[in-house]
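J.: Can you keep this structure in mind? I'll have questions shortly.
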Amino acid sequence: MRALRAAHLHDEGRQALLQMACERIRSWGPPYTSVYAYMLHGNELQLEAYAGRETEHTRIPVGKGVCGTAVSEKRDQNVGDVSAIGNYLACNLFTKSELVVLIRRGDHILGQIDIDSDVPNGFGEREHAEVKEVADALAVLL
């Protein structure tokens, strides 16, 4: 959080702050395999930064996949087994679990942090709380 606040004080733009957040979260190591920052533009999430594996999913409609479901249901998503999700959008064959934490200012959703893990049931309460801290900081800084 300190690094994000310092970058903001030095007039770093939104893309730089999102990229820094993705890189910092991924640097925490397993279970954080790939980290994506999607921002909400109308009824579509657009990928604006990532750390880890590339994804072909640069635009996701609200309601589609785990990311789109998080926005449509207005709540974070923690999926321990992505193969059990019918509308899952696979970024790669290695992902086993996914955590999506909304970036929100009050009731207004700005975007989300989407994390893939190669570990089944990779995310517990501790990981969710850690990522939520970053999402909450971004909500203030963006």
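Nothing in this text is a laboratory measurement; each read-out follows from the coordinates by a stated rule. A quick note: this is a predicted structure, and the numbers were derived from the prediction, not measured. Quick reminder, even Gly has a Cβ in these numbers, built from the backbone with ideal geometry, and neighbours come from all protein chains shown.
J.: Count neighbours as other Cβ atoms within 10 Å of each site's Cβ, and list the trypsin sites (Lys or Arg not before Pro) in the range 25-108 that are DSSP loop with at most 12 such neighbours.
T.: Working: sites: Arg26, Arg53, Arg59, Lys64, Lys74, Arg75, Lys96, Arg104, Arg105; in loops: Arg53, Lys64, Lys74, Arg75, Lys96.
Loop-located and lightly packed - Lys74, Arg75.
J.: Further, regarding this structure: Using 0.36 nm times the number of residues separating Ala84 and Arg53, minus their current alpha carbon distance, what extension gain do you get? Show your work: numbers first, answer last.
T.: Values: separation 31, 0.36 × 31 = 11.16 nm, distance 2.19 nm.
9.0 nm is the gain from fully extending Ala84 to Arg53.
J.: Using a Gaussian network model of the chain whose springs link C-alpha atoms within less than 10 Å, name the residue from Asp76, Asp118, Asp107 with the highest mean-square fluctuation.
T.: Largest GNM mean-square fluctuation: Asp107.
J.: Please work out, to two decimal places, the log10 of the ratio I(q)/I(0) at q = 0.10, 0.11 Å⁻¹ from a Debye calculation in which every Cα of the chain carries one identical scatterer.
T.: After summing over all Cα pairs, the log10 values are -0.28, -0.34.
J.: Build a GNM of the chain with springs between Cα atoms under 10 Å: which of Asn121, Asn43, Asn78 gets the top mean-square fluctuation?
T.: Asn43
J.: Ok, one more. For every other residue with a beta carbon closer than 10 angstrom to the beta carbon of Val82, add +1 if it is Lys or Arg and -1 if Asp or Glu, then tell me the sum.
T.: Details: positive: Lys96; negative: Asp81, Glu98, Asp116.
In short, -2.
J.: Something else about it: Choose one of Thr55, Ser72, Ile109: the residue whose Cα lies farthest towards the positive end of the charge dipole of the range 2-141 (beta-carbon charges +1 Lys, Arg; -1 Asp, Glu; about the Cα centre).
T.: Ile109
J.: Ok, one more. Between Ser27 and Arg75, what is the spin-label point distance in nm, taking each point 7 Å from the Cα along the Cα→C-beta axis?
T.: So the two model labels end up 3.4 nm from each other.
J.: By the scheme Lys and Arg +1, Asp and Glu -1, what is the net charge of all other residues having a beta-carbon under 9 Å from that of Asp116? Walk me through the numbers on the way to the answer.
T.: On the way: positive: Arg53, Lys96; negative: Glu98, Asp114, Asp118.
Overall, the nearby charge balance is -1.
J.: Relative contact order of the range 2-141, please, whole-number percent, based on alpha carbon pairs below 8 angstrom and at least 6 residues apart.
T.: Working: 272 pairs, mean separation 31.7, N = 140.
Relative CO of the range 2-141 lands at 23 percent.
J.: Using 18 Å as the cut-off for backbone N distance, which residues of the range 26-69 belong to the label zone defined by a point 7 Å from the Cα of Glu130 along Cα→Cβ?
T.: Under cut-off, by backbone N: 26-37, 51-53.
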